[in-house]
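The values are calculated or read from the model by the stated rules, or taken from the named source; none is laboratory data. Just so it is clear, the model here is predicted, and its values are computed rather than measured. Cβ atoms come from the backbone with ideal geometry, glycine included; neighbour counts cover every protein chain shown. All accessible areas refer to the heavy atoms of the entire protein, side chains included, with ligands and DNA or RNA removed. Shrake-Rupley method; radii C 1.70, N 1.55, O 1.52, S 1.80 Å.
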Amino acid sequence: MIIIATTWAGFEASRHLTERPRQLRQLKSALQSLEAEIMYGHTPLHEAARRLSAQLSKPLSWFFESFAKKLTDSETTVKDAWEESLKEIWKMTAFKQGEFEIMKQFGETLGRHDRLSQQKQIMLTLSHLEREEADAHDRQVKYERMVKSLGFLSGLLLIILLM
């Protein structure tokens with residue numbers, strides 16, 4: 001039972017390392033879709049966010065759904081709705097503080113500029129997320145097997161100590 005529990009804990013920790021690059025790729029794809037909606041579709045922000053929530057998997061779909069709901073249901077600014085939605089789903093994601101700051105900074109500029117400036121802001125955010133994704137991938141390659149092995153080996157150590 002001890003080995004199963006510690007091995008499971010190691011696999012859960014490695015799953016977090018695997019999820020982060022995947023979620024970052026999804027987020028980049030979502031921002032590119034948002035750019036297309038803004039630039040070429042002339043879609044209102046709340047409608048673009050609603051469409052994105054239908055296309056994405058959880059937890060990012062929850063984020064865009066919450067954002068769209070806040071924009072339509074309450075009298076709030078885009079910045080506040082973005083930040084509140086970000087805080088709501090943050091614990092459900094595999095993102096780190098760096099991604100939070102990037103997304104928070106992007107939310108401060110969202111909806112405040114013309115379409116061309118907005119496109120530049122999206123490109124800047126995408127380049128920052130690209131850097132974070134490369135870091136996440138490096139961490140995954142570096143630590144994933146180690147964390148899995150560490151879970152199993154810590155179980156063996158516990159059993160030896162209990163003997």
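Cα-Cα over 20 Å: which of Lys28/Lys120; Lys58/Lys91; Lys79/Lys104; Lys87/Lys148; Lys104/Lys142?
Violating the 20 Å limit, Cα to Cα: Lys87/Lys148; Lys104/Lys142.
Please name whichever of Ser127, Leu56, Met163 sits farthest to the positive end of the charge dipole of the chain, dipole taken about the Cα centre and charges placed at Cβ: Lys and Arg +1, Asp and Glu -1.
Most positive-ward Cα: Met163.
Charges only on Cβ, +1 for Lys and Arg, -1 for Asp and Glu: so what's the dipole of the range 1-162 about the Cα centre, in debye to the nearest 20?
Value, rounded to 20: 440 debye.
Can you tell me which of 93-101, 36-44 comes out highest on packing, and rank the rest after it, using the mean Cβ neighbours within 10 Å?
Most protected by this proxy first, the peptides run 93-101, 36-44.
When the scattering of the range 1-43 is computed by the Debye formula from its Cα atoms alone, each counted once and equally, what is log10 I(q)/I(0) at q = 0.17, 0.18, 0.23 Å⁻¹?
-0.59, -0.62, -0.75
Along the positive direction of the dipole of the range 74-163 (beta-carbon charges: Lys, Arg +1; Asp, Glu -1; about the Cα centre), which of Thr93, Val147, Thr76 reaches farthest?
The listed residue farthest towards the positive side: Val147.
Using r as the Cβ-Cβ distance of Ser74 and Thr43, and R0 as 22 Å, what FRET efficiency do you calculate, to the nearest 0.05?
E(calc), rounded to 0.05, equals 0.60.
Compute the long axis of helix 45-55 from its Cα atoms, compare it with the longest principal axis of the Cα atoms of the chain, and write down the angle in degrees, 0 to 90, nearest 10.
Helix 45-55 sits roughly 40 degrees off the main axis of the chain.
Place +1 on the Cβ of every Lys and Arg and -1 on the Cβ of every Asp and Glu in the chain, take the dipole about the Cα centre, and give the residue among His137, Gly41, Gly107 whose Cα lies farthest towards its positive end.
His137
Whole-Hz Karplus ³J(HN,Hα) for the range 105-112, in order, using 6.51 cos²θ - 1.76 cosθ + 1.60 and θ = phi - 60°, x for Gly and Pro?
Going residue by residue, I get 5, 5, x, 5, 9, 5, x, 9 Hz, with x marking Gly and Pro.
Taking the Cα centroid of the range 103-118 and of the range 40-98, what is the distance between the two, rounded to the nearest whole Å?
14 Å
Please give the calculated 222 nm ellipticity per residue for the chain, where each DSSP H segment of at least 4 residues contributes -39500 (n - 2.57) and the sum is spread over every residue; nearest 500 deg cm²/dmol?
Estimated from H runs of four or more residues: -29000 deg cm²/dmol.
Between beta-carbons, use under 14 Å as the cut-off and find the net charge around Ser154, counting Lys and Arg +1, Asp and Glu -1.
0
Convex hull over the Cα atoms of the range 1-162, averaged projected area in nm²?
For the Cα atoms of the range 1-162, the hull's average projected area reads 10.7 nm².
Leaving out ligands, DNA and RNA, and with a 1.4 Å probe, what % of the accessible surface on the chain is carbon or sulfur?
58 percent
Can you give the angle from 0 to 90° between the axis of helix 60-73 and the longest principal axis of the chain, with both taken from C-alpha atoms, to the nearest 10?
Long axis of 60-73 versus the principal axis of the chain: about 40 degrees.
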